[in-house]
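Notes follow the structure.
The values are calculated or read from the model by the stated rules, or taken from the named source; none is laboratory data. Fair warning: this is a prediction, and the values are worked out from it, not measured in the lab. Note that each Cβ is placed from the backbone with ideal geometry, even for glycine, and that neighbours are counted across all protein chains shown.
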Amino acid sequence: MAVDLGVEVAGLTLKTPIVSASGCFGSGKEIARFTDLTSMGAVVCKTVTLKPRAGIAPPRGAETPSGMLNAIGLQNPGVDVFRDTDLAWLAERKTPAIASAGGHSVEEYVAVVERLRGAPMVAVELNLSCPNLEERGYMFALDAARAADVTRAVKAVADAPVFVKLSPDVTDLVAIARAVADAGADGLTLINTTLGMSIDIESERPRLSTGTGGLSGPAIRPIAVRCIFQVAQALPHVPIFGSGGVASGGDAIEMIMAGASAVQVGTANFYDPRATERIAAEIESWCRDRGIDRVADLKGRVKLEG
């Protein structure tokens, strides 16, 4: 039995529900020798800012029992170089690209997205929730009004669908999701890493130069599933990219059943550079074994009893 892995997300038609997560796949070049980029729904590129950023001083990564901590600090070559090299490279290989935009102000986000107008990409993701910048106060996703301000301003200049990536480290995620949706967001990415910390007990110092950093990997998947479910129940009309600790086809199906339209794979790429292909194949096999011919039919199947 043939299984249709195609999904529709905010007007985008993706050949599979599996895409890369920003920051864990570079912009495709680094991992193309291991996996077929055209087999994916899309490549979500590493976040770019208006000007080049060197990032945070090392140590910038630390392994944890069930994931990893990172504090990279949005190291990137700047939006102009990204547009002219990375996006052009992906376009030559007919690989759908989603750009990830970062900034320290509404004006910076707008300037980045303006420079991406006309670029070969299918969407832009606003990274409003990076937890490892020098000042967490820059996280627009911590406040509904600020997140809405960025979304509204970017939508006014964008020529592609806009997804907003939100943080789980808030009191009321649904309120923030609703605010950015009302401000014009075409969809959401749930979730970004959650703030964590690890200490070297011999040196009595944090394992990251910043002290804290973003926790990713299997440890955060139940948090991500909860966030997806809550937002999908409250805002069923808003498409969601699920993200956070996906390492298998079953993990991805869990997020789709919770309400995600498609799923991003991040940390798993570091130890299995063919993870995106493998996970898509596992989804297909799972569906075939159960007589399910369309993966899109799994979306939002989970309901609370009573």
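Note on the stretch 157-217: enclosed strands (runs of 3 or more DSSP E) holding 2 or more residues that are free of Cβ contacts under 8 Å to residues at least 60 places away in the same chain are 162-166. The residues of the stretch 114-135 that are of a type in the set (Asp, Glu) and either modelled with pLDDT of 95 or more or crowded, with 23+ Cβ neighbours inside 10 Å (or both), listed by number, are Glu114, Glu125. The helices (runs of 4 or more DSSP H) found wholly in the stretch 225-306 and carrying at least 2 residues that are farther than 27 Å from Leu126 by Cα occupy 275-289. Ala153 passes every criterion in (1) surrounded by 20 or more Cβ atoms within 10 Å (Cβ to Cβ); (2) modelled with pLDDT of 95 or more apart from (1). Filtering the stretch 236-251 for residues that are in contact with a Leu (Cβ under 7 Å, 6 or more places away or on another chain) and either polar (S, T, N, Q) or without any contact (Cβ under 8 Å) to a residue 24 or more places away in the chain (or both) leaves a non-empty set.
Scanning the stretch 218-228 for residues being more than 12 Å from Asp169 (Cβ to Cβ), aliphatic (A, V, I, L, M) and touching a residue at least 40 places away in the same chain (Cβ under 8 Å) gives a total of 2.
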